[in-house]
Structure formats: C-alpha cells, structure tokens
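S.K.: Just passing along the structure, written as structure tokens.
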Amino acid sequence: MTAVTDQDHTDNDHMNNDHMNNDHADHDQTDSGRIDNDRKNSKDSTDSSSGTGENPEAGEQEQTRAQDRVGAEDGGTAEKSAKVPARLPVRNSAKEPREQEAAVHARVSDADGVTAPRTAAGTGPHAPSRREPGSEPGTEPGADTGADAGAEPGTDSDGAWDDGLIARRVSEASAAEQAAVMETRIGGGGGSTLPSTPLTYDAPLRSRLDALRELVGLSRARLDSRTLAEAGRVLDEAAARRRLSGQHTVVAIAGATGSGKSQLFNALAGVNISETGVRRPTTSAPIACSWSDGASTLIDRLGIPGRLRRRPVQSQDAEAQLRGLVLIDLPDHDSAAVQHREQVDRVLALVDAVIWVVDPEKYADAILHERYLRPMAGHAEIMFIVLNQVDRLPGEAAELVLDDLRRLLDEDGVALGEYGEPGATVLALSALTGDGIGELREVLGQFVTERGAAARRIAADVDAAAWRLRPVYATGRRTGLSEEARDEFADCLADAVGATAAGEAAERAWLRNAGRACGTPWLRLWRWQQDRRDPPTGRLPLRAPADEEATARQRVEQAVRTVSERASAGLPMPWAQAVREAAVRGAGGLPEALDQLAARAGLPPGRPPRPGWWPVAVLAQACMTLLQVVGGLWLLGQIVGVLAPNLGVPVLLMVTGIIGGPLVEWSCRLAARGPARRYGQDAERRLREAAAGCGRARVLDPVAAELLRYREVREQYGRVTGVGAAAR
Amino acid sequence: MVTLDVRPQLLDALSALRDRVAAARFPLPLAGAPRARANRDELLAQLDDYLVPRLKQPDAPMLVVVGGSTGAGKSTLVNSLVGQRVSEAGVLRPTTRTPVLVCHPEDHHWFSGMRVLPRLTRVWAPHQESADDLLLPGEDGRHVLRIETADTLPPGLALLDAPDIDSLVADNRVLAAELICAADIWVMVTTAARYADAVPWHLLRTAKEYDAMLVTVLDRVPHQVVSEVSRQYGALLTKAGLGDVPRFTVPELPESAWGGGLLPATAVAPLRNWLVHHVQDPGSRRHALARTAQGVLDSLKARMPELAGAAASQHAAALRLTSAVDTAYDTEYTRVRGRLQSGAVLAGDALKRWRAFPLDCTAGELLDALTESLGALLLCAVTAADERVDDAWRREPAADAPELTDRDASPESTEHRIGLAVRRWRRELEEYAEDEVRGLERGVAPDPESVAALVATALLGGRRARSAGEGLAERIGAHGALRLRDRAGRLLTEHLDRVLQTERERRLAPLDGLEVHPEPQAELIAALSVLQKER
C-alpha cells in the first residue's frame, strides 16, 4: 500500500478516518472489493511512476506510519479504514488522475460483480464511461491503457486533465478552498465512498474566473453591489460546483406543462418514478435521479430533499451508458402556479445542462423563447432541445415542425450543434412510444462521458455575466487624455494666472525703460512735462503689494471641467464619474496654489534689470548732446564775435549732434527689441510652467491615475471575456 | 336583466371621453408609463372597435372572436363551425397571422366598411393565394383583416379567428388583444395540455374584469381523459370565479388533428347551437350584447382614473425636472452675481492688463481682456448649471427620455452664444462712453476708449479697481462718472440676465417640447364623470 502524499495531509487523514469509520457499516460490502483492486492499482501507479513523483519514498513512509497508527486504534477494521483515507490525500497530488482512474476501474469491476484484476476491467465493455474529459474518442483504448498508471507520465500533465497544474497552483486561496473541499465532501457526502473527485476547470476557464474575481474586487469601490451581484453569483456557483464531483453531470429536464417532461424522465430512467398525468400542472417539485453514487452533494446543492431522490431501474447496459448522469425532473415554467416557475429558475441556475422538452403544440410559445431560450442562448452547448410527442404528428409533419423549431431557435440566437459544430442538440422523439429515446440516450451518454458540461456551463455563465457587465466596463470608444487636451489645460491655467498679459507687460516695460534710458535728454524733458500734466491714474505705484485672488477662479474651474470632461469621454458611466470626482477633488485648492505661485514666479516688483550697454548708450547720447552744445556755443561765439568766424565746423558739429541723438535712440530701440522680447517671454514662460506644473500635480496626475485604474480594470475585463486570454 | 338603452347624450359623452383618451400622452419613461401607454391604446381600441359602434348600431351582427394560445386549434374550430375551410390551419406555429372574419353574405356590408376595427385594412383576396403574401402587416405597417363570407353561418353572426395571444411575434399579441376586445362574445380556446398555462388565465381574468360574455372551449382532449380533464378545468374555473361560464369540450379526433380537415359537425354542435341560439333568440341576444357593453362601460370606472393617475405622475415628473433646472440656474445666477460683486472678472489676464494700464497696455487691450474674462465667467456659470442639472436628472428616471438625452448643445456653441452676448455688451458700453465724452468740452475730452475701459474695470473689478473709479472721475467729472457707471451697470445686469435666461430656456426646450401638462388628468376624470351621469 503506497501512495504519494505530503506531510501536511496526515492530519487531515487522521481527522477523516473517524468519518469514514462511522460510515463503514453501510458500505462494507462495496468497499471490500474495491479496496482490493484499489491496492493493486495504487501499487501499479506508484511503481511505474516513482521516477516522476515528488518524493515517493517520503510519501510511502508517511502513509505507512498513518496506517500503523490507525491500525493500532481500530483493531479489526484497521485494514479497511487505512485504505480508504489513503486515497483521500492523494487528491491534491499530481497523481490524482491515475488514482482516480484506478478507483473507477475498481468500481466498475465491482459493479460487474467481478473482482478481476484491473486489466480485465480496463478492457471491459465500460471503457467509454471512464474516458477523461478532453481525451479524443479515437484514443479510447489508449486512454484506457493510459490508466495503466501513467506508463507515459507526459500524457497526464499534457492532457486537459492537468491536475498537476492545480497542485502546483495551490496557494493561499486555493489551499483553503481545498480544505473546504475535503470537509464538504466528507461531511455532506453521507458516506459516499465513490471516488467523487472534485471538478476541475481547464486553464483558460480558471484564468477567466480568476480575472472575474479580480475584476469584482477592483470594481467594488466604483460600482454598486447590485451591478456586481450577478458576477459574484457566478463566482460563488463556480466555486461551489468545483468543490463537488466532476464525475457527475447534472442534467435538468425543463419544459412547459403537459409537454411530457416526466414522461421523458421516466423513459430515460426506465421506471415510473415521476408521476405523470393529465392533471395540469403535474409535477410540482423537482425530482432527482442519479445513475451512480456520489452525487448526493450535488443534489443537496439543488435543494432536493431525500424523499425525492430516485434510482433508475437496475440494468447494466443503461447504467453503463449513462454513468455519472444525475437527471432532474423540473416542474413546468408556464403554468399559473408561480412557485413552479421560481423553482425552475432556481434549479436552472445550478445544473450543468438542460434538456428542454417542447411539444408540437407549444414549441412556439413566447414564454419559452423570450424568457428562457433567448437569455440562455449563450449556453447552447449545454442545451438539448427535444421535440416530444411526435407520435401525435402525421408523417412528414414531424420534419416540418422540427425545421420550424430549428428556425425559431436560430432566431433566438441559440447555436445549433449541427455538422459537428458546438451548439444545442435538437432531437425529435416520443416518450410515449419510445421513438428516439435511444438516440437521446446515446447523445446524453456521450455528453455525460465527456464530463465537460459543468465547465462549459460555468464558462457560459462567465460569458453571460461579462456581457451583462459590458456597459460598465467597455464602451468601444477610445479613452485616455490626449496630449492636446493636456496642453490645452496648461494653456487655460496660464490664462487664469495671466501669463500672456504678464509677459507682454514685462516686454513693454523693458522697452519703455530702454527708450527712457537711451532717449535724447530733450525728449525726456518733454515726457516729464507731459506726465506732470496727465492725471496720475494707474501709473502711480500705489497698488497693493500683492493681490489676493489674482487667479481667475472661473477660468480654473472651467479648465478643470473641460479636462475632466475630455478625460472621461468614452468611459463607462461609473468610471467617468470617478475621473470627474478625482479632477474636482484635485482642483479644490488649485486657485489658491496658483495665487501663491503667481506671486512667487512673477516678476520681482520694481524696475527691470538694466543691461550693460545702456551706460554706453547713455554716454553716446551725452556725447551727442555735448556736440550740439559745443556746436551751438561755437556758433554763438562767432555771432557774438568772440571767436573767429568759421561756419563749417560748428555747423557740422551741431548737425552731427542733432541727427546723432535720435539716431542713437533709434538704434538703441532696435537693439532693445530682442532682449525685451526675451525678457517678456521669460516672464511668461516662468508663470506658464509654474501653472502647468501645479495643474499637473493637482489635477492631471490624479486623473491619469484614475484612467490607469480603469485601463487595468478594462484589461481584466478583456481577460474575463476571454479575448485577452490564450486562444481556446 | 340588463338592457341596452342608448341615449344620444351618452354617445356624446362617450365620444368626448374617447377624444380625451386619444389626446393623453405619456412621453416620459416613468415606471408606469409603458403600462399606461398600453392601457390607453387598449382602451382606445376597445372604444373605437367595439363600444361606440355597438352602442350606435345595436342591430349589427354579433361578433364572436375566437382567441387562445398558439396551437390550441382556433382555426380548426372556426373552420368546423363554418363548415368549410376559411382559415388556414397547420402544424407550424404560429399559424394564423392574418385575422380572418367570417360572416353571412348578407352581413357583409356591416364589416366591409370601417364601422368596426377601423385600424385594419380589409382584403377580400381568396385565401388560397393570399396566404403567403399576407403573413406580414401591410407595407405601411397596418394590419390587414381578411373577410370571408359563408352562407352556412346564420345571419347576424360573425366569427373572427384571431392570432394567438402568446405569439412569439409581438405584433400578433397586440393585435390579438385588440381583436378580442372588439368582441361581443369572447370564445377562449384552450387544450388539454394547456389549460393550466398562465397566459390564457390572464386573459380569462381580464374577461371577468370586463364582465364580457365569455365562452370557453377545451379543445383537443384525448377521449380517454375527457372526463378527468374537463373536471379539472371546471374546478380551476370555479376557483377563479368563472364557474358559470359556458364550457364546451371538443375531443381530439384523428382526422382533425394537425392541420387536417374539419372536425365533424357533431363535435362542435353544442358550441354552434349555443352561438346560434344567442344570435337568433332576441332575449338572449339582447342580454349578451348588453352584458358585454355594460361590462366595458363599467370597466371605465377603474381604467380612466388609472390613466389619469399616470398622466398626473407624468406631470409631476416633468415638474421635478423643470424645478431641477430652475434651481440649478438660480443657484448659478446668485453665484455669478456674487462673483461680479467681488470683482472676480478682474483677475488673471485682465488683472495683469489693468496693472500695466496705461503705461504698458492700451485701453483696447484692457477692454479685450475684461470682455474675455466676463465671457469665461458666464460660460463657467452655464456649464456648472448644466452639470448640476445633469446630476439632478441622473436620479430621475423620467430624464431618460430620448428627447431629453440627445442634446445637441455642445459647449462650443454655448461659448459662441456667450461670446456674442459679451461682445455686444462691450460695443454698447463703448457707445455709452462716447456719448458721455461728447458732452465734454473739446479741449479736455479724454479718449472714449480709455473711458470705456475704466468704466468696465470699475464695474467688474469690485474693490480692487477703486482707482479705476477715481481715474474715471478725474477724466469726465464725478457726476458724469457716476451716471456712466449706473448706466453701464444696468446694461451689465441686463445682459447677464439675458444670457442665463436664454441658456435656461434652451435647456428646458426639449422638456417643453414633450408637452406634459396638468390638464389631461382633470379632463380624463371630467369626461368620466360626465359619462357616469349620462348612464
């Protein structure tokens, strides 16, 4: 007796032993045969795969120890009780599939009443029922021998049944889940000793579920709980279903009253277990029928009490074909009894697959199509639509009706599984005469054997939830804050602090000072006089040293509003609201900050700086004036007669002075233009940059962070819809 | 014994009531609006199709409408009652898409005109060829009604084969309800498989509510279970308070099932006899007519207040929307006034210009900056008000009306309108300044533009522009300055009011366009009470 196990499972084993022991009385008979086989299989599996096991020796020792301990406690039943838990810890390990496989073999042979070696069971007639999900139909024998305890260890991990991945992925969250799994199964299993391995989802679905969980977590602060309720429900159901048996497929039979649901149920079960009759509505509570053991937890989940659980008639053939099937007969959905509809809605949300029973009279009822088929169109892969009561139709009419039904389904958006495409299966049958029941049984058998229904149902649920959440996550428009919008925001803030005006004023002040400094003295004299005559308004320096509220509040408000509007354009409503709120929050102290900033970054009060060439210009201007004066005096001297008459030189001097003065002034003004502009631009730039920086820090950055959060959520949503995930 | 005596006053009151009902509109998408709209259409149809024509002409043939779920065998039943194939029957659902009316050739003139069912276009094409073309409503979206004549029917009786009441084709459902409401005698067909379905029961309850002359037919009952199903059905009817309704059972017969021929006359004989008796016996006939008509008249007592209530809630919702707009704009108006007082316009660019005036800045530039700043203030106020309105409307379901949600008013066009208004204000201000300056002597007259700039600054700058007022007084004298300021201030207020008022009206225009008034409620109730008095 060996098994691969881990240290930490020992406690679990020990704990579980008690449960198992309590249940032994009921299952002794089945157990003994199975355990014999089990031992063989386990041995096989471990032997042949010891090279790939993590630490087979350690596991072996551990197991032996456990066995010893239990043996000491339980005395006579030691062997049995040790063996049963021996299987349990294995579930977490990489060896699970093989273990699983082996167990199934054991059970099969047990059911046959043949306690033959495993090889005999493997080649038995029940091979299809043991096929693992995802394995090709063609490789059935291969899969069977693959149960030869991993003769090729690669096939195990490569196949869709990649439990090894799960084992490796056991992290904080799933470890807890795993523990819960054990408890649920042991506690609620009612002593079912069937190897009800929990369901596993394939990698894309798992990543989509993870993404959905993440998405719900990320959006909780932004969206109201009602919007997220559906997604939360899907997650809960996915987790709940995952804990339960993956070997069973729960199929509900739904339909209108009088369509023959119970009749079909009985025909499939081969025994009259659901009441049929002409009294409408007939069935008032769901009835379950399980083709194999270990499904009790699944049925518990549907809330079907024990008195409504049935077994099909004991027939080897039928049982083998439909092994793993749990059939639920539902009440009608269209009668005047409203509580029936409620029950149907509740159970339909929990089952793995649905058989819709319609009849020639009711197949076009609005309630069926509008209330059920259209909303569930995404679940086409797990739907069977069965046209019952074809015996009531004359000859070719059945085909016509079937075609019309197909057309209606097509209009509902239900993909039909014709020509090998995935989709709903449409069949015509008569539960009364048994016509077509065989076909349904075959299709159903294949469907159940694939064991993919639960995962496909969850996938379709995720699709539906994602689709319903679409308006709050995706709009199909471009989002984000464009560069122009940012620039425009900066411009608006610059306007609000008056950067342009400040720059122009600084430039003009510089020019004015230059002109004053380099002007001819006569001009300055004239100007001075002019100033004295004019009223002193606005020119006198009696201004307040610092203006309070120098920033235009309304412009800041408008700029923030515009930028948040642009940033939130194309965003779904809740996220747009969040962006707007972030912007408004950031803009709270913005005008005050800009006030301070403008005071700091603005020009220092007083006169602009004087460049080095001004004294030279002043000197030149003085020279020119001197020339005028000298020339004038010289001329005056000649006129008075003090000096020798010589017109040429003094006139020349005077003319030079008179022309040269304005010339110097003019050239100074030309020369001043460049530096003045630079000075003005510098002043403007300083204000502008300060305002833009302030705006960025207070408004644009929070907005960008909010946009980033949205983008993250959007990506997560893409992952949920499966677009971003690996191609399935 | 109810009898039907019709006075002209009653007819007048009824047609007045009909007009009121036709005028009622429920444009706002409130919770009860779709229901109210449906009720209104149904009531209108019943008045037009049934009540008014019936009261006007009590001698017209009785109209018997056969209604029921899809696949209940309505067409087969009608064919069997007539004795020949007049309505298409088949296995594909829904079968009957064009309603068929069958009557005696002598009665043809009653139905060929628009006396009853005026909304349906009549066609007389033989059904064999027309079956395919008339599946859909006519090109103009109108439904068609096929009229057949058969002399096997007694004069004074008309049978109408309606589409299914729970059809996948939504149009058919509406049409079926409309047709059933037009009947003197309602024949509800159900089957052994269907008699517990929810939808037909709704219809039965409606029939009870209107106290219409009702007959139920339990069709297609396999003969093994006839008695049991019939008993069950009877029990259900009794439980629903419809125990006294005549009940006929038609067995499922091999030759009739699934689009075959006609049921043998014996199978439908009881129903046929019942119908013929009610048509030909004057007492029964009068009783049947009076019962259905009085039932509809009685039902008005409940239905009209319901419509009036819906109209009232429409008006209340419209009032809430309007008051949200008014509150938002009033708040913003107060805010703008406050900001103008505190001199918020003289900030940013305008403030910098003012500090540089007049040395480094011309009067024109200062005026430009002030105008622009004022425009920004107004635009800010308007968009803020719009935002408030949007916020308030988001909580109102009524604001989801398509007319209210697709506003074309982009901020750019608002900006444009405000820019126009502000520039106009500036031009008028400059004219005022010129007027004022013209009055002064030529020698000391200052530049009118700088006067305008100073006035604008003094008006818009609040406390911080005190020196502008002083400068103004220096230039044009204290008296003139005061006068100019007053005039300019009034001008400013006027423009401000006008801008905000225009924007508010633009915002309210789509809501006003929906024309939700308080009158319909009162009018509906008034029409009802007039009718009650005339009865």
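S.K.: Could you compute the FRET efficiency for B:Arg498 and B:Arg37, with r as their C-beta to C-beta distance and R0 at 45 Å, rounded to 0.05?
M.R.: 0.70
S.K.: What list of whole percents do you get for P(r) of the range A:429-518, with Cα-Cα distances grouped in 10 Å bins up to the one holding the largest distance?
M.R.: It works out to 12, 14, 14, 12, 10, 8, 8, 8, 6, 4, 3, 1, in whole percents.
S.K.: Using square roots of five times the C-alpha gyration tensor eigenvalues, list the equivalent-ellipsoid semi-axes of chain B in whole Å, biggest first.
M.R.: Listed largest to smallest, the semi-axes of chain B are 78, 22, 20 Å.
S.K.: Could you tell me which GluC sites (Glu not before Pro) in the range A:641-728 are loop residues by DSSP with no more than 10 other beta carbons within 10 angstrom of their beta carbon?
M.R.: Here no loop site has a sparse enough neighbourhood.
S.K.: Here's something else I'd like to know. Taking square-rooted eigenvalues a ≥ b ≥ c of the alpha carbon gyration tensor, is the range B:390-514 rounded, prolate or oblate, where a/c under 1.5 means rounded and, failing that, a/b exceeding b/c means prolate?
M.R.: It comes out prolate by the Cα gyration axes.
S.K.: Further, regarding this structure: Using +1 at the Cβ of each Lys and Arg and -1 at the Cβ of each Asp and Glu in chain B, identify which of B:Val279, B:Pro510, B:Ile476 lies farthest towards the dipole's positive end.
M.R.: The residue sitting farthest along the positive end of the dipole is B:Val279.
S.K.: If the only charges are +1 at each Lys and Arg Cβ and -1 at each Asp and Glu Cβ, what is the size of the charge dipole of the range B:345-462 around the Cα centre, to the nearest 20 debye?
M.R.: Around 340 debye, computed over the range B:345-462.
S.K.: Report, in listed order, any pair from A:Lys362/B:Lys56; B:Lys74/B:Lys208; B:Lys74/B:Lys301; B:Lys74/B:Lys533; A:Lys261/B:Lys208 with a Cα-Cα distance greater than 30 Å.
M.R.: A:Lys362/B:Lys56; B:Lys74/B:Lys301; B:Lys74/B:Lys533; A:Lys261/B:Lys208
S.K.: Let me ask something else about it. Which log10 I(q)/I(0) values does the range B:322-412 give at q = 0.15, 0.16, 0.19 Å⁻¹ under the Debye formula, counting every alpha carbon as one identical point scatterer?
M.R.: -0.68, -0.73, -0.88
S.K.: Tabulate in residue order the Karplus-calculated ³J(HN,Hα) for the range B:239-249, using 6.51 cos²θ - 1.76 cosθ + 1.60 with θ = phi - 60°, rounded to whole Hz; enter x for Gly and Pro.
M.R.: Couplings: 4, 7, x, 10, x, 8, 6, x, 10, 10, 10 Hz.
S.K.: Moving to a separate point now. Rg and Dmax of the range B:148-252, Cα atoms, in Å?
M.R.: 14.4, 40
S.K.: In addition: Please give the FRET efficiency for B:Arg490 paired with A:Arg600, using the beta carbon to beta carbon distance and R0 = 51 Å, rounded to the nearest 0.05.
M.R.: 0.80
S.K.: As a test, work out the antiparallel percent of DSSP beta bridges whose residues both lie in chain B, rounded to the nearest 5.
M.R.: Close to 10 percent.
S.K.: Here's something else I'd like to know. Please list the non-local residues whose amide H lies under 5 Å from the amide H of B:Glu148, H modeled 1.01 Å from N, same-chain partners needing a gap of 5 or more.
M.R.: For B:Glu148, the qualifying residues are B:Leu101, B:Val102, B:Cys103.
S.K.: Then there is this: Amide H neighbours of A:Thr257 under 5 Å, counting only residues 5+ apart in sequence or on other chains, H built in-plane at 1.01 Å?
M.R.: Distant-sequence amide H within range of A:Thr257: A:His333, A:Asp334, A:Ser335.
S.K.: Would you tell me the mean number of C-beta atoms belonging to other protein chains that fall within 10 Å of each C-beta in A:330-340, as a whole number?
M.R.: For peptide A:330-340, the averaged partner shielding equals 3.
S.K.: Any idea how far apart B:Val276 and A:Arg685 come out in nm if each label point goes 7 Å out from Cα toward Cβ?
M.R.: 10.8 nm
S.K.: Report the calculated FRET efficiency for A:Arg470 and B:Arg506 (r = Cβ-Cβ distance, R0 = 51 Å), to the nearest 0.05.
M.R.: With R0 = 51 Å, the Cβ-Cβ based efficiency is 0.90.
S.K.: Next up: Write out the chymotrypsin sites (Phe, Trp or Tyr not before Pro) in the range A:335-406 meeting two conditions: DSSP loop, and at most 11 other Cβ atoms within 10 Å of their Cβ.
M.R.: Taking the range A:335-406 and a limit of 11 other Cβ atoms within 10 Å, no loop chymotrypsin sites (Phe, Trp or Tyr not before Pro) are found.
S.K.: Sorted by packing (mean other beta-carbon atoms within 10 Å per residue), highest first, where do A:472-478, B:378-384 land?
M.R.: In descending order of packing, they fall as B:378-384, A:472-478.
S.K.: Could you give me the ³J(HN,Hα) list for the range A:618-632, computed from phi with Karplus coefficients 6.51, -1.76, 1.60 and θ = phi - 60°, whole Hz, x at Gly and Pro?
M.R.: Taking θ as phi minus 60°, the curve returns 4, 4, 4, 4, 5, 4, 4, 4, 4, 4, 4, 5, 4, x, x Hz for the range A:618-632.
S.K.: Further question: For the pair A:Arg527/B:Ala302, report the inter-label distance in nm, with labels modelled 7 Å from Cα in the Cβ direction.
M.R.: Once both label points are built, they end up 9.6 nm from each other.
S.K.: If only Cα atoms are counted, what is the Rg of the range B:451-535, and what is its Dmax, in Å?
M.R.: Calculated on Cα positions, Rg and Dmax stand at 26.8, 86 Å.
S.K.: Where in the range B:150-167 does the label zone of B:Gln84 land, with the point 7 angstrom along Cα→C-beta and an amide N cut-off under 18 Å?
M.R.: Answer for the range B:150-167: B:150-161.
S.K.: Here's a follow-up. Determine one quarter of the surface area of the Cα convex hull of the range A:303-361, which equals its mean projected area, and express it in nm² to one decimal.
M.R.: For the Cα atoms of the range A:303-361, the hull's average projected area reads 5.8 nm².
S.K.: Place a point 7 Å from Cα of A:Ala229 in the direction of its Cβ. Which residues in the range A:345-359 have their backbone N less than 19 Å from it?
M.R.: Only A:345-350 fall inside the zone, counting backbone N under 19 Å.
S.K.: Between B:Val65 and residues 5 or more places away or on another chain, which pairs have amide H atoms under 5 Å apart, with H built 1.01 Å from N, and which residues are they?
M.R.: Hits under the 5 Å cutoff: B:Leu160, B:Asp184, B:Ile185, B:Val187.
S.K.: How large is the Kirkwood hydrodynamic radius of the range A:229-285, in angstrom, based on all distinct alpha carbon pairs?
M.R.: Kirkwood hydrodynamic radius for the range A:229-285: 13.9 Å.
S.K.: Same structure again: May I ask which residue of A:Gly674, A:Leu707, A:Ala697 lies farthest towards the positive end of the charge dipole of the range A:666-728, with charges of +1 (Lys, Arg) and -1 (Asp, Glu) on Cβ and the Cα centre as origin?
M.R.: Ranked along the dipole, the leading option is A:Gly674.
S.K.: Same structure, new question: Just going by the charge dipole of the range B:310-402, with Lys and Arg at +1 and Asp and Glu at -1 on Cβ, which of B:Ala385, B:Val325, B:Gln341 is farthest out on the positive end?
M.R.: Positive-most Cα among the choices belongs to B:Gln341.
S.K.: Now, a different point. In nm, to one decimal, how far is the B:Glu434 label point from the A:Glu237 one, both placed 7 Å along Cα→Cβ?
M.R.: Between B:Glu434 and A:Glu237, the simple spin-label model gives 7.8 nm.
S.K.: Still on this structure, please answer the following. What's the longest piece of chain B with no exposed GluC sites (Glu not before Pro), counting a site as exposed if DSSP puts it in a loop and it has at most 10 other beta carbons within 10 Å?
M.R.: Free of exposed loop sites, the longest segment is B:256-440.
FYI, it's all coordinate maths here, none of it is from the lab. Given the structure is predicted, the values throughout are model-derived calculations rather than measurements. Virtual Cβ from ideal backbone geometry, glycine too; neighbours counted across all protein chains shown.
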